[in-house]
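Undergrad: Take this structure first; my questions come after.
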Amino acid sequence: MRLQSAFPNGPHQPMADLEEGALVYLPDDQMSAWLVLFPPTGKGERLSFPKLCHVLATHNIVSGINWPLLRHISNESDRYFRPLPIAMGTAPVGGEDGRVVDRYSRCPAQAPLVDELGQSDYIKLKLVQDIQQDDVICEILPHTKGTPGSTVTGRPIPAPAGQPAVIPQGRNTYLSEDGRYLLAERTGHLRFSGRNFQVNPVLELYDEDLHGKQNIKYLGDIHVHGDLCCGTSVYAIGSVQIDGVVEDCTIEAGEHIIVSSGVQGQNHAVLRAQKSVFAKYLEHCTVYARQDVNADCIINCQIFSNDTVRARTGRGSVIGGTVHAARQVDAAAVGSMAECPTHIILGGQPCEEAERTRITNDLAGVENQIKKLEQQPKTPQREQALSKLHLTHCVAQMKLEKFSKELAAQQAHSLSDSPHLLCSIAYPGTTVSVGRDSFRITQIRRECSIGLANGVVGPVEVR
């Protein structure tokens, strides 16, 4: 078009007088504007700065104009046929998401402190965190609004606001009036459930509260300030912490079991934890833990752990008994110079397998009782007893089928994880079993690792 205007009478005629030309390119998103200038022809004049401003105004370009560039090019001689970024829009800036700043740890330390002599301090083991009523658990920082942007034509571009923080409010917690802080509604033990903070009530028991055989059940945590004597049974939804010694007792916890001194079980004590068990020492007792078992010394015990059994601090010994760990047994010493029979079983799901064995034995006992009752004359009392036994038998069978299916599904996975025994010294009399294969130690081995390799149990390298 401009070429035709410059030569209206044909290419061999004199050029017409045209002032400097200006082309403005505006993309669809209107986030930029480009200016291309064409030289004047004949006696045409150059575009002055005010005229250039008028050109932009006719295209509704009113925002983000590069004024220094616009002033500069009005005096430049080589400004033609070059696309110049004459205006740029402003992109919107999204708001910041809200955040939660914790005042308490979501994952307390899972290992006891070890002093310079290699002794573990289970008293200071803080698997649970004490909190007082109205203490601040965490601070909730609010989300912010975004900063809107603008196109070069002045059209506003809205900015997305930040997402509000997910408040981890759980049981026995509340928000401050301004919604800025999460606080404890009561005094107790604070723990993070994986989704929110919860404050569990704590039952504090002292020596004067523990006399004779007792059956203690509590929907929270239990803290025993002293020893737990023979015949006492303790059941807690949360954790059980005992500052003294545990004798012939039964302890079941929905979380952790912590025995600051140790367990002298007399072959009758039973500890069951849905998470980990920590004790100064374990002697002549049975322990079930869905996670780890940690002790300075384990002597003649039946241990079932779905993860790791660890005895590395203090004496760091595992002597006698049977230790069944799904993943690893890690000890300074296994067995004894006297060749005390010590059996290490690796892999599988120890707690579930032990539970299945118990249910199988109970089922056999119920079946014997049913047979005996069926041989007796029919009476209303006999029929009532038989009805109860048949119900118990049905429930036990359902549990047994459930455990069998779960163990069958997990068996291949358990063996593929390469469970192993890791120890500084292993004495003769120690047997290590994985699946159906076993390895018996007949001479002292130092700094050894024993596990399954190519279907055979023996020394292996652990990376």
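Undergrad: Test V329 against the stated conditions and say whether it is at pLDDT 85 or above and out of contact with any helix residue (DSSP H, G or I) (no Cβ under 6 Å at 6 or more places or on another chain).
TA: yes
Undergrad: Specify the residue that is farthest from A408 (Cα to Cα); the eligible residues are those in segment 435-458 that are part of a loop (DSSP other than H, G, I, E, B) and not aliphatic (A, V, I, L, M).
TA: That would be Q443.
Undergrad: Turning to a different aspect of this structure: In segment 142-159, which residues are surrounded by fewer than 16 Cβ atoms within 10 Å (Cβ to Cβ), assigned to a loop (DSSP other than H, G, I, E, B) and among the β-branched types (V, I, T)?
TA: Across segment 142-159, the qualifying residue is only T144.
Undergrad: A further question follows. Within segment 76-95, which residues are part of a loop (DSSP other than H, G, I, E, B) and out of contact with any Lys or Arg (no Cβ under 6 Å at 6 or more places or on another chain)?
TA: E76, S77, D78, R79, F81, R82, P83, G89, A91, P92, G94
Undergrad: Which residue out of T187, T250, T232 is in contact with a strand residue (DSSP E or B) (Cβ under 8 Å, 6 or more places away or on another chain), assigned by TED's automatic domain parsing to the domain that holds V136 and free of Cβ contacts under 8 Å to residues at least 60 places away in the same chain?
TA: T187 is the lone residue from the list that is in contact with a strand residue (DSSP E or B) (Cβ under 8 Å, 6 or more places away or on another chain), assigned by TED's automatic domain parsing to the domain that holds V136 and free of Cβ contacts under 8 Å to residues at least 60 places away in the same chain.
Undergrad: Check segment 192-215 and report whether any residue there is at pLDDT 90 or above, among the hydroxyl-bearing types (S, T, Y) and not in a strand (DSSP E or B).
TA: no
Undergrad: Taking the stated definitions as given, is E252 modelled with pLDDT of 95 or more and closer than 22 Å to H189 by Cβ?
TA: yes
Undergrad: Report the residue count in segment 160-182 for those that are crowded, with 16+ Cβ neighbours inside 10 Å and in a loop (DSSP other than H, G, I, E, B).
TA: 6
Undergrad: Hey, which of the strands (runs of 3 or more DSSP E) in segment 235-288, taking only ones fully inside, have at least 3 residues that are buried (at least 21 other Cβ atoms within 10 Å of the Cβ) and not β-branched (V, I, T)?
TA: 262-273
Undergrad: Still on this model: Can you tell me which condition Q110 does not meet? The list is (1) in contact with an Asp or Glu (Cβ under 9 Å, 6 or more places away or on another chain); (2) modelled with pLDDT of 90 or more, and all the others hold.
TA: (2)
Undergrad: Could you tell me which residue of segment 30-64 is nearest to the chain's Cα centre (by Cα), considering only residues that are part of a strand (DSSP E or B) and not hydrophobic (A, V, I, L, M, F, W, C)?
TA: S32
The values are calculated or read from the model by the stated rules, or taken from the named source; none is laboratory data. All values reported here derive from a predicted model rather than from experimental measurement. A quick note on method: Cβ atoms are made from the backbone with ideal geometry, for glycine too, and the neighbour counts reach across all protein chains shown.
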